[in-house]
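In what follows, a structure is listed as structure tokens, so that the remarks can point back to it.
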Amino acid sequence: MATGLRYAFVNGSDVRAECLFQEAGYSASEINGAWSVLAPTTLAQGAVYSAQAGKMSRLGLEFPGQQYLLLSLRVPEPWQFRDWTVYFRDLLSLQDGSSSAYLMSELAFGTSGTMLAALAHTFGAPEIELRGTIADSVTLGYRHTW
């Protein structure tokens, strides 16, 4: 379930705030339990490893929790540069406070291509929900529409 607000500015920019609830996701205590057995240190943890590993790899649970806040800003043609769009998105887990921020820039290239550059950073300790094993990433690319 998702609910949110959007405000569109006269210049074409828009800002959004969306609350997301994923019933199939895990509660905060379930996430903590699952992470704790993925690196078992005791025999008792090892006994439930396979059950928890199965839960954590459920299809459709790319984000394993239940409650999120998504904030986004889209700015087309900033500073009046034609065919350029800048995006900022931040996904915040309301269960543990972890966050994943994403900044992307797209520039139209010809009539059917787009050059893009993106930076992503996750906030929080490695064992909490949105952090995972990689804290930062950089993406450079070209998208062509046929």
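Laid out as a table, the results:
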read-out	value
In nm, spacing of pseudo-spin labels at Ala125 and Ser105 (7 Å Cα→C-beta vector)	3.6 nm
FRET efficiency, Cys19 to Met115 (Cβ-Cβ, R0 35 Å, nearest 0.05)	0.60
Net length gained if the chain between Ser137 and Glu77 were fully extended (0.36 nm per residue, minus Cα distance)	19.1 nm
FRET efficiency estimate (nearest 0.05) - Cβ-Cβ, Asp90 to Tyr7, R0 22 angstrom	0.85
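Just so you know, all these numbers are worked out from the coordinates, no wet-lab data involved. Just so you know, these numbers come straight off a predicted model, no measurement behind them. Glycine gets a Cβ as well: all are built from the backbone with ideal geometry, and neighbour counts include every protein chain shown.
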